[in-house]
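Here's the structure we're looking at; comments come further down.
The values are calculated or read from the model by the stated rules, or taken from the named source; none is laboratory data. On a predicted model such as this, the values are computed, not experimentally measured, just so you know. Ideal geometry is used to build each Cβ from the backbone, glycine not excepted, and the neighbour counts take in all protein chains shown. In case anyone asks, the SASA skips ligands and DNA or RNA and just uses the protein heavy atoms, side chains included. Shrake-Rupley method; radii C 1.70, N 1.55, O 1.52, S 1.80 Å.
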Amino acid sequence: MNAHNPRIEPPRLGEPYLLTPGPLTTSYAVKEAMLVDWGSWDGDFRAMTREMRDRLIALLGDGSDAFDCVPMQGSGTFSVEAMLASFIPKDGKALVLANGAYGLRAAQTLDYLGRDYQLLDKGDYLPPRGDEVAQILATDPAISHVVAIHCETSSGILNPVEEISEAVYAAGRKLLVDSMSAFGAIPLEASKIRYEAMVSSANKCIEGVPGFGFILARNSELEAAKGNSHSLSLDVHAQWAHMNKTGQWRFTPPTHVVAAFLEALRAHEAEGGVTGRGRRYIRNRDVMVSGMRELGFETLLDNRWLSPIIVTFFCPADPNFVFSRFYELMKDKGFIIYPGKLTMVDSFRVGCIGQMDEHVMRQVVVAARDSLREMDVAAATPPEAALQERAKLAS
Ligand SMILES: *Cc1c(COP(=O)(O)O)cnc(C)c1O
């Protein structure tokens, strides 16, 4: 497999690594692909759009021929909004499964759209389980669609989409998945997990730069989506129909971003596709987490729920630990980390995705150790309250 694993070189301009869930550290080849200007109507760019769509569909594996790919301008949230508005009919009702910011954002989007929904809010990180979904669907026959977050990036938890999907289809409903931060590294194979549509974006696990998202949906759902959307620009059906007819995007496409993304997709394939990419990220996570644990840091989640995308650590109890200072010290050493999003206790996050490998992750751990020393933090042990919070997950 090593032959397929292209060497990961450090950022050429000496910029810090982004240990964040996107934008993330991209390869030089991806950046270089943006040096050419493309005409959006020109055959060359149309061929690039076609290749990109085909490559994305292929990532769904067996069963992918029932799906088509619709790219959408804007950040990932624009594509989530486009998916929800286009596939949930105006008289439909959603069940939104939330355990963090992105689930809550999906619910907020439905508020804007004026779509009826029920919210299952599990708090900061507890996973929504299949039996809970089954129970709610049994008591509310009006629910037509369930919205699930694959990896909830706010805590880094990998939600159990497989059991959720089973519950949804056993009850005869439809599943929509926000796989923004997981797609490309964690399998979401059409033949193994049933769903109608999923969404992701250019600047996550495929390792492109930000500028657009994409929806992978069943052809049958795309056809049925006509007239559902409240929005001209976010209408997935209209974008799809136009693209299939003309090969063009309806409105100005982010041409340079598409060129970079195509380069990123080729590198993804060379690395061994979803399996190869996932393997590197898992290794990144394992090396980083075990190093951080040796320093005394503790993860919010136990290993079972830990995604290879981003990991939440509790801030140490030592009063000398100040997150803003830790952030600056880490940045001085070449690593941009990410603040936490927990409401109960202080935390921070370290991403495992982007152009980084286990050697980089070892340097991250060394940088964390040195930063603690500079702050005069004797131990990275979290406060008792954090451990009590975590005990809830086990119960
Ligand atoms: C990144 C992300 C999004 C989209 O965020 P944008 O800032 O709009 O790109 C949506 N859902 C999840 C789970 C994400 O990780």
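Observations, loosely collected:
- Test: residue in the stretch 71-78 that is of a type in the set (S, T, N, Q), closer than 30 Å to residue 140 by Cβ and either open to solvent by 10 Å² or more (accessible area, probe 1.4 Å) or more than 16 Å from the ligand (Cβ to nearest atom) (or both): yes
- Counted residues, the stretch 48-67 - those being in a helix (DSSP H, G or I) and either within 22 Å of the chain's Cα centre (by Cα) or in contact (Cβ under 8 Å) with a residue 60 or more places away in the chain (or both): 13
Residues checked against (1) away from the ligand (no atom under 15 Å from the Cβ); (2) of a type in the set (A, V, I, L, M, F, W, C); (3) without any contact (Cβ under 8 Å) to a residue 12 or more places away in the chain; (4) surrounded by 24 or more Cβ atoms within 10 Å (Cβ to Cβ):
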position: 152; (1), (2), (3), (4): no, no, no, yes
position: 168; (1), (2), (3), (4): yes, yes, no, yes
position: 172; (1), (2), (3), (4): yes, no, yes, no
position: 191; (1), (2), (3), (4): yes, no, no, no
position: 210; (1), (2), (3), (4): no, no, no, no
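- Inter-residue pairs, beta-carbon under 7 Å, first touching a residue at least 40 places away in the same chain (Cβ under 8 Å) and under 14 Å from residue 199 (Cα atoms) and in the stretch 234-248, second open to solvent by 30 Å² or more (accessible area, probe 1.4 Å) and assigned to a helix (DSSP H, G or I), 6+ apart: 234/78; 234/81
- Filter pass, residue 164 being more than 17 Å from the chain's Cα centre (by Cα), within 16 Å of the ligand (Cβ to nearest atom) and buried (at least 21 other Cβ atoms within 10 Å of the Cβ): yes
- Residue, nearest to the chain's Cα centre (by Cα), within the stretch 212-233, restricted to residues that are in a loop (DSSP other than H, G, I, E, B) and without any contact (Cβ under 8 Å) to a residue 60 or more places away in the chain: 232
- Residues within the stretch 218-251 that are crowded, with 21+ Cβ neighbours inside 10 Å and touching a Lys or Arg at 6+ places or on another chain (Cβ under 7 Å), tallied: 2
- Residue check for residue 304: over 22 Å from residue 373 (Cβ atoms) and either of a type outside the set (Gly, Ala, Ser) or in a loop (DSSP other than H, G, I, E, B) (or both): yes
- Enumeration of residues in the stretch 374-395 that are hydrophobic (A, V, I, L, M, F, W, C), open to solvent by 60 Å² or more (accessible area, probe 1.4 Å) and over 17 Å from residue 125 (Cβ atoms): 378
- Complete set of residues in the stretch 113-167 that are of a type in the set (Asp, Glu) and assigned to a helix (DSSP H, G or I): 131, 132, 162, 163, 166
- The residues of the stretch 297-312 that are free of Cβ contacts under 8 Å to residues at least 60 places away in the same chain and buried (at least 18 other Cβ atoms within 10 Å of the Cβ) amount to a single one, 299.
- Of the residues 339, 319, the single one that is open to solvent by 10 Å² or more (accessible area, probe 1.4 Å) and without any contact (Cβ under 8 Å) to a residue 12 or more places away in the chain is 319.
- Every residue from the stretch 269-301 that is of a type in the set (Phe, Trp, Tyr) and assigned to a loop (DSSP other than H, G, I, E, B): 297
- A count restricted to the stretch 175-221 and to residues that are among the polar types (S, T, N, Q) and either in contact with an Asp or Glu (Cβ under 9 Å, 6 or more places away or on another chain) or modelled with pLDDT under 95 (or both) stands at 5.
- Condition met for residue 94 (buried (at least 18 other Cβ atoms within 10 Å of the Cβ), aliphatic (A, V, I, L, M) and not in a strand (DSSP E or B)): no
- In the condition set (1) among the aliphatic types (A, V, I, L, M); (2) within 16 Å of the ligand (Cβ to nearest atom); (3) open to solvent by less than 40 Å² (accessible area, probe 1.4 Å), residue 18 is compliant with all but (3).
- Scan of the stretch 342-365 for residues that are of a type in the set (A, V, I, L, M) and open to solvent by 70 Å² or more (accessible area, probe 1.4 Å), ordered by number: 344
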